Amino acid sequence: MFENLSDRLSKTVKKLRGQARLTDENIKDALRDVRMALLEADVALPVVRDFINRIRERAVGQEVLDSLTPGQALIKVVHEELIGIMGLANESLNLNAQPPAVILMAGLQGAGKTTTVGKLTRFLKEKNKKSVMVASCDVYRPAAIKQLETIAQQTEAIFFPSEANQKPTDIALAALAQAKRQYMDVLIIDTAGRLHIDAEMMDEISQLNNLLKPVETLFVVDSMTGQDAANTAKAFGDALPLTGVILTKTDGDARGGAALSVRHITGKPIKFMGVGEKLDALEPFHPDRMASRILGMGDVLSLIEQAQTKVDHEKAQKLARKLNKGKGFDFEDLRDQMNQMLKMGGMSSLLDKLPGMGAMPAHIKEQANDKEIRRMIAIINSMTLEERRNPELIKASRKRRIATGCGLQVQDVNRLLKQQQQMSKVMKQFSKGGMRKLMQSMKGKLPTGGGFPPMGGGLSG
């Protein structure tokens, strides 16, 4: 997300950083660059206009002109204004209500509403330790109810059954009564989406809203529709008392126009964003962290939070003990590390959150892909347990068998063996001086093609 915008703004930032003083001329050039970058990112025109005006006002003010480093002061202003556009801080769900707290999900068909119900369920169960019931009032789309039932099973939510011949209002009231009887903490109601906004749809969802009096009415919108996402959200916001927005498919959105337009146009906060297809791929939306990512400053806080929740700390401790005893880093360990990385959203997600990675050359970014990691895992899976634990056993005939087993070439197996040897040497630093030596040995090396540090803490020298 924001790849194109990040690239454009990073170049502008670079030009400004070295400026000893700012003049009307270079401020004008910088603002022109920022304006073009935002328009290319499909940010809504009123948002761009307002944003540029606010930066211009502050750029010619004392805080920038009197600064010892005016270029950096202007970058700080751009950073703060980006945060301002997106809503200052993360706004969490308001679940302070007599249980069950009702969450009503609204949105157009195809935005990923039903999948988002599943993601939100998992988030509430894992992060907030809430019991969740889900119900579908979508009686129009074939298999919508069945889809929600399947997702409920995957997230271990209580599914309230409904039928396509029932009225949405009847389903909602029955689900609410059942959730009260079962002392559920949260009830999530999935509503029908249409291909476009129509009066009948708005009337139906307004009725549901009036009946259920939800504590949260969330609008789910596909971020890849750019500024159209903001306009659709506004239409729903005019008809419904929305409390927030969930942006979906942000992992496939290189522009980011929706994220920068929604809050300004609707006045409603973006509460979450979907960052992948899996049911754990939902992140709280933090405007400050997002602004840092847009300007290439990284998002280390989100990275740490991901590591805390998704890394298997028991395995990390086990690996630490093994390395501290001077034992080698074998293919079992390497496969564990790669699986941990995929759990954290994959290589591109990690690079996106690391400071300075925006300036990384495109050809290196392309190498750092999950396809390569999955190929490496496939090769390791083709090995016997003995080979995984003793890589030195793998000679010519074994290499051919492994390559045939995973449908790849012997050269691919050779490349992986070489990478494992390199990593094994790096890992030996743990038994000879810990993290400090490891970081020194990795200085200047990019985490691509398997040469990445181990996931998880607990490694000390």
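The values are calculated or read from the model by the stated rules, or taken from the named source; none is laboratory data. All values derive from a computational prediction rather than experimental measurement. Reconstructed Cβ throughout: ideal geometry from the backbone, glycine too, with neighbour counts over all protein chains shown.
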Subject >> Selection status of ILE52, assigned to a helix (DSSP H, G or I), β-branched (Val, Ile, Thr) and modelled with pLDDT of 80 or more >> reply: yes
Subject >> Options GLU126, GLU163, GLU149: the member that is more than 30 Å from VAL48 (Cβ to Cβ), of a type in the set (Asp, Glu) and outside any helix (DSSP H, G or I) >> reply: GLU163
Original post:
Of the residues ALA144, ALA164, ALA179, ALA174, which is in contact (Cβ under 8 Å) with a residue 60 or more places away in the chain and either surrounded by 18 or more Cβ atoms within 10 Å (Cβ to Cβ) or in the same structural domain as MET105 (by TED's automatic domain parsing) (or both)?
Top reply: ALA179
Original post:
In the range 91-114, is there at least one residue being among the charged types (D, E, K, R) and not assigned by TED's automatic domain parsing to the domain that holds VAL275?
Top reply: yes
